[in-house]
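Contents: one structure, followed by commentary.
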Amino acid sequence: MAGRLGTVLVAGLGVSGAAAARVLLARGDDVLLTDAAEPAVVAELVAAGARWLGPVSTPPEDVDLVVTSPGWRPDHPLLVAAAQRGLEVVGEPELAWRLRAPGPDGGEPAPWYAVTGTNGKTTTVTMLEAVLQAGGLRAVAAGNVGRPLVEVVTARDADGRPSFDAIAVELSSFQLHWSSSIAPAAAAVLNVADDHVDWHGSFDAYREAKGRLLRLAPVAVGDAGDPVASSLVAGHRHPVTVTLGEPQRGQLGVRAGALVDRAFSATPAGELLVELDALQVRGPHNTVNALVAAALCPAALEHALAGHTSAEPGHALALRALGLRPLLGLDLRLGEGTGALLALPLVASAARALRDVATFDSAGVTEK
């Protein structure tokens, strides 16, 4: 977690701005507040030690950092003045990235699996949250989906350990505009339509904001059917695309009414993930969302609960191979919802690794 940030001006006191102010105050930073009008939350924040400035068009001289609301356009007079002064302006997600709590025993913070796009972000992120949870991770959906990231990354359990092992992150172009160092474990751009041009100033600026999410991610996922999203992914060092047609190598797609992985499967022909008719959400756009969520799963496996132990005989080798808790007791009835369905790619990947070290029998897993 970062050291003291100094004096921070929080501009905009909606859900994310108020959350940022609370976390900064709890850390001991000096917090100044501004907004076009005085919201009710100001009383709470001032009681906690913040200072309310009212509406301002220039940052006070002692400000070290500005945290802006995603609703504030880059041409807002306060943000323009901050840039002219050489002050760094960040959004709440960028602040959250910098404040991430270390993992257990001082290890890496909880990884982010991030999604952006003009449409379908929330559906895909909630699918991804279910996949991560089904894989045994204490995962949560956060960001533009509703829960502020700054709260999630600093949350701790009663024993002082971080509350989450993985975070399914939804990010808007507004949030990405003010982000510079976010490096998710895997990232996806679903689609990019002509939208929010008034906020960004041009379509090229909007496209660039979406592309920022991929820049520092080791895996970039996009919809091959969307020309802008696919072009953003194409230049990445590890591009993966999804398609509603027969997948080529490096793609996930649809074959004979089933979702198929040809991006991560060791089998050249690909691996069947699940029958398309079993999806709890229907329509081509939701098929794309499901494929993207599945494409982010292999990256999630790499970060799953390393070091977990089990008292059940035969699990030791499997756990060392997989780095996660056993999946065999998971309830995967397709009627129980999309989360159970989309856990199947995880189970399929687990089964591949298990074949190398164990065999299934009626008692569960038996070491070879």
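The values are calculated or read from the model by the stated rules, or taken from the named source; none is laboratory data. In this text, all values refer to a predicted model and were calculated from it rather than measured experimentally. Note: ideal-geometry Cβ built from the backbone for every residue, glycine included; neighbour counts use all protein chains shown.
Observations on the structure shown:
- Lone qualifier among 185, 168 - being within 10 Å of the chain's Cα centre (by Cα) and closer than 22 Å to residue 285 by Cβ: 168
- In summary, residue 193 fulfils each of the numbered conditions (1) in contact (Cβ under 8 Å) with a residue 40 or more places away in the chain; (2) touching a strand residue (DSSP E or B) at 6+ places or on another chain (Cβ under 6 Å) with the single exception of condition (2).
- Sole exception among (1) surrounded by 13 or more Cβ atoms within 10 Å (Cβ to Cβ); (2) within 14 Å of residue 13 (Cα to Cα) for residue 37, by number: (1)
- Filtering 247, 284, 227 for residues that are surrounded by 18 or more Cβ atoms within 10 Å (Cβ to Cβ) and under 25 Å from residue 210 (Cα atoms) leaves a single hit, 247.
- Residue check, residue 43 in contact with a Lys or Arg (Cβ under 8 Å, 6 or more places away or on another chain) and among the hydrophobic types (A, V, I, L, M, F, W, C): no
- When each of 70, 111, 93 is tested for being in contact with an Asp or Glu (Cβ under 8 Å, 6 or more places away or on another chain) and within 30 Å of residue 165 (Cβ to Cβ), the lone residue that passes is 70.
- Residue in the stretch 50-57 that is loosely packed, with under 15 Cβ neighbours inside 10 Å and at pLDDT below 95 present: no
- Filtering the stretch 197-216 to residues that are within 12 Å of residue 116 (Cβ to Cβ) and either in contact with an Asp or Glu (Cβ under 6 Å, 6 or more places away or on another chain) or not charged (D, E, K, R) (or both) leaves 206, 209, 211, 213, 214.
- Qualifying residue in the stretch 236-246 (condition: assigned by TED's automatic domain parsing to the domain that holds residue 184, closer than 21 Å to residue 204 by Cα and among the β-branched types (Val, Ile, Thr)): no
- Output for the stretch 250-271, where each listed residue is in contact with a strand residue (DSSP E or B) (Cβ under 7 Å, 6 or more places away or on another chain) and without any contact (Cβ under 8 Å) to a residue 24 or more places away in the chain: 250, 257, 258, 260, 262, 265, 270
- Among the candidates 161, 138, the residue that is among the charged types (D, E, K, R) and in contact with a helix residue (DSSP H, G or I) (Cβ under 7 Å, 6 or more places away or on another chain) is uniquely 161.
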